[in-house]
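Asker: Got a structure for you, questions after.
The values are calculated or read from the model by the stated rules, or taken from the named source; none is laboratory data. Because the structure is a prediction, the values reported are computed rather than measured. All Cβ positions, even for glycine, are placed from backbone atoms using ideal geometry, and neighbour counts span all protein chains on display.
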Amino acid sequence: MKPASARARNLQLGALLREAGQTHDWLARAVNAIGAETGRGLRYDRSAVAHWLAGAQPRGDTPHLIGEALSRALGRPITPEDAGLRSASVDTPGWLIPSDPVAAVVDLLHTDATLDGHAQLRRSVYHLDAQAVPSWCAVLLPPQTETAPGRTWFRVGPEQISAAHHMTAVFAAADRQFGGGYARTTLAAYNADELTAWLWAPASAMMRRQLLAAAADLVALSGFKCFDRQENGLAQRHYLAALALAVSAEDPIRYAVVVGMLSQQAHHLGHQHHALSLAITALKSTGELAPPTTEAFLHTQAATVCAALGHHHDAFGHQRLARHHIDRASDQPWGASNPGDLAYYTARVRTFNRDPSGAIHALHTALAHYPATYRRSSLLTLGALANAHLDTGHISDALATIRRFLHDYRDLCSARVTAVLLGLISRLQPLRHHNVSNTLALALRLSNPGEPDAAHPAATVDARAEDIAAVRSSPGKP
């Protein structure tokens, strides 16, 4: 690195920082926070910003993080080059329907299926302005073609559509029971091999729309698994790819579900105003024609975000609508809510409304409704219940709940659940005089990724503990 005296000052970065009306401290904190959204444990301070302003070039992905921080502050996209920084890779923010959605999705899936490709993609920056997606009525549908570029010897028919739906159900069930880290690479390989071959195969217009819709489910599920692993930039890439597929399939219901998942992610990361905008966009996109459990998912998401923003009247209104849809439901497609989810979200709303007793009652209701295979949902609920007991000073109830949590946690591969565990550990540390030593010791052992344990895949799959701890630990959709 050149000595400071030999470097030209970065006047562009200084001008943008002044335009935003922010300080060196603010930029350092903003970069650290955005890094945490994608699992990075960054520790920049004002001295690092001073070096950047003096002309030093930050390493790795930091130029993209700086650009994203300034984009959020100024309300317009800022690239690393706009800030006078060199970037090692292209990471373009914003969402536009690709001119060739299939080619763009195939490229993403093939890259994600390789070790090197996934390692690069998982460090993608989460872009807040990419969340600005239109409601379905404002989407410009792409022209439909009779066939895709015929790169295979077969023609897509009902068998491929049925297989795609079946595999979505299989991977979704495994995800619920074992977490996003379980079989992620298997799903990535399936998408890169089978699914991309079908996307390139010739098909009638009707079969093509059905295949694109099924592909949207698989790509969105892959995005959700990345979200559960705290790989939020990569999760966002998959969600936006799934949106493009839903648009190409002319399917407003799938489009709304994915927008709802984007809202869930934004809420989890603390971007409540963006989360609310997305939740309302999702509800507008269905035209109230989605299956009842899908409408329930969208209303519970809107209720949670409204409560987080203090819009209590709107939160309870969405809750009532969600309960109405659950009561009239007869099926549960992927991406939908069930009675357990409804109770869990009710607890979230009660928590935001400072009603801990109501939240505790709703959490017990959620645990009673979740099937045994919904293990991640149950663990997130147990974590919320333990925190609620700690909030109300019921230490014995909290410890009993935490011991139940630890019993079920051992073979789960979910960074979100691990983040909840780390939060509980930090709350137990000051309570050693309450006979929590055994519980705390077990929690610390299970959360320590430095001790590989074949019975504990989370030790090798989840991100490092110090990185997870930097990310917000509030759970999203179970």
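Asker: Specify which of the listed residues (ARG43, ARG59, ARG29) is over 22 Å from GLN120 (Cβ atoms) and in a loop (DSSP other than H, G, I, E, B).
Answerer: Numbers: ARG59 fails: over 22 Å from GLN120 (Cβ atoms); ARG29 fails: in a loop (DSSP other than H, G, I, E, B).
On inspection, the qualifying residue turns out to be ARG43.
Asker: Restricting to segment 287-299, give me the number of residues that are in a helix (DSSP H, G or I) and without any contact (Cβ under 8 Å) to a residue 60 or more places away in the chain. So that I can check it myself, show each step before the final result.
Answerer: Just the residues of segment 287-299 that are in a helix (DSSP H, G or I), to begin with: 292-299.
Remaining after also requiring without any contact (Cβ under 8 Å) to a residue 60 or more places away in the chain: 292-296, 298-299.
The total comes to 7.
Asker: If only one of GLY117, GLY75, GLY94, GLY84 is at pLDDT below 85 and more than 18 Å from the chain's Cα centre (by Cα), which one is it?
Answerer: The match here is GLY75.
Asker: Right, something else. Need the failing condition index for ASN338 against (1) surrounded by 18 or more Cβ atoms within 10 Å (Cβ to Cβ); (2) in the same structural domain as SER447 (by TED's automatic domain parsing); (3) in contact (Cβ under 8 Å) with a residue 40 or more places away in the chain; (4) not aliphatic (A, V, I, L, M), just the number.
Answerer: Going through (1) surrounded by 18 or more Cβ atoms within 10 Å (Cβ to Cβ); (2) in the same structural domain as SER447 (by TED's automatic domain parsing); (3) in contact (Cβ under 8 Å) with a residue 40 or more places away in the chain; (4) not aliphatic (A, V, I, L, M) one by one, ASN338 breaks only (2).
Asker: Answer yes if at least one residue in segment 424-445 is hydroxyl-bearing (Ser, Thr, Tyr) and part of a loop (DSSP other than H, G, I, E, B), and no otherwise.
Answerer: The first filter runs over segment 424-445 and keeps only residues hydroxyl-bearing (Ser, Thr, Tyr), leaving 426, 437, 439.
Within this subset, residues satisfying the condition of being part of a loop (DSSP other than H, G, I, E, B) are none.
Checked against the condition, which is being hydroxyl-bearing (Ser, Thr, Tyr) and part of a loop (DSSP other than H, G, I, E, B), segment 424-445 yields no hits at all.
Asker: A further question follows. If you check every pair at least six apart or on different chains, which have Cβ atoms under 7 Å apart with a residue in segment 415-427 that is crowded, with 24+ Cβ neighbours inside 10 Å first and a residue that is in a helix (DSSP H, G or I) and basic (Lys, Arg) second?
Answerer: What qualifies is VAL417/ARG376.
Asker: I need every pair where a residue in segment 306-326 that is under 17 Å from GLN264 (Cβ atoms) has its Cβ under 6 Å from the Cβ of a residue that is of a type in the set (Asp, Glu) and surrounded by fewer than 24 Cβ atoms within 10 Å (Cβ to Cβ), sequence separation at least 6 or different chains.
Answerer: Cβ pairs passing all conditions: CYS306/ASP314.
Asker: Determine whether HIS394 is over 25 Å from GLN272 (Cβ atoms), surrounded by fewer than 24 Cβ atoms within 10 Å (Cβ to Cβ) and either modelled with pLDDT under 90 or within 19 Å of the chain's Cα centre (by Cα) (or both). It would help to see each step written out before you state the result.
Answerer: Details: over 25 Å from GLN272 (Cβ atoms): yes; surrounded by fewer than 24 Cβ atoms within 10 Å (Cβ to Cβ): yes; either modelled with pLDDT under 90 or within 19 Å of the chain's Cα centre (by Cα) (or both): no.
Criteria not met by HIS394.
Asker: Could you count how many residues in segment 157-173 are small (Gly, Ala, Ser) and surrounded by 17 or more Cβ atoms within 10 Å (Cβ to Cβ)? So that I can check it myself, show each step before the final result.
Answerer: The initial filter retains those residues of segment 157-173 that are small (Gly, Ala, Ser), namely 157, 162-164, 169, 172-173.
Subset that is surrounded by 17 or more Cβ atoms within 10 Å (Cβ to Cβ): 164, 172.
Number of matching residues: 2.
Asker: Condition first: under 16 Å from HIS238 (Cα atoms) and buried (at least 18 other Cβ atoms within 10 Å of the Cβ). Can you find one or more residues in segment 38-58 that meet it? Before the answer, list the steps.
Answerer: Step one: of segment 38-58, the residues under 16 Å from HIS238 (Cα atoms) are 38.
From what is left, the residues that are buried (at least 18 other Cβ atoms within 10 Å of the Cβ) are 38.
Yes, segment 38-58 contains a residue that is under 16 Å from HIS238 (Cα atoms) and buried (at least 18 other Cβ atoms within 10 Å of the Cβ).
Asker: Now, a different point. Please find, within segment 364-408, the residue that is farthest from GLN177 (Cα to Cα) out of those that are part of a helix (DSSP H, G or I) and hydroxyl-bearing (Ser, Thr, Tyr).
Answerer: So in segment 364-408, the residues part of a helix (DSSP H, G or I) come out as 364-369, 375-391, 395-408.
Right, trim to hydroxyl-bearing (Ser, Thr, Tyr) and you get 365, 377-378, 381, 396, 401.
On the way: THR365: 19, SER377: 9, SER378: 10, THR381: 14, SER396: 28, THR401: 19 Å.
Going through the qualifying residues, I end up with SER396.
To keep it simple, each residue is scored yes or no on (1) assigned to a helix (DSSP H, G or I); (2) of a type in the set (A, V, I, L, M); (3) within 30 Å of LEU65 (Cβ to Cβ); (4) without any contact (Cβ under 8 Å) to a residue 40 or more places away in the chain.
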{"site": "SER162", "(1), (2), (3), (4)": "yes, no, no, yes"}
{"site": "ALA169", "(1), (2), (3), (4)": "yes, yes, no, no"}
{"site": "GLN177", "(1), (2), (3), (4)": "yes, no, no, no"}
{"site": "TRP198", "(1), (2), (3), (4)": "yes, no, no, no"}
{"site": "ARG237", "(1), (2), (3), (4)": "yes, no, yes, no"}
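Asker: Please give the number of the condition ALA216 fails out of (1) of a type in the set (Gly, Ala, Ser); (2) touching an Asp or Glu at 6+ places or on another chain (Cβ under 9 Å); (3) surrounded by fewer than 24 Cβ atoms within 10 Å (Cβ to Cβ).
Answerer: That leaves (3) as the condition not met.
Asker: Go through (1) over 14 Å from VAL436 (Cβ atoms); (2) assigned to a helix (DSSP H, G or I); (3) of a type in the set (D, E, K, R); (4) more than 20 Å from the chain's Cα centre (by Cα) one by one and return the number of the condition ASP411 breaks.
Answerer: The failed condition is (2).
Asker: Can you list residue pairs whose Cβ atoms sit under 6 Å apart, with the first residue in segment 265-281 being surrounded by fewer than 24 Cβ atoms within 10 Å (Cβ to Cβ) and the second being at pLDDT below 95 and among the aromatic types (Phe, Trp, Tyr)? Count only pairs 6 or more apart in sequence or on different chains.
Answerer: Correct list of pairs: empty, since none qualify.
Asker: Those residues that are of a type in the set (Asp, Glu) and part of a helix (DSSP H, G or I), I need them from segment 334-363; list them, please. Break it down into steps so the answer makes sense when it comes.
Answerer: Here is the first cut: in segment 334-363, the ones of a type in the set (Asp, Glu) are 341, 355.
Selection gives ASP341 alone.
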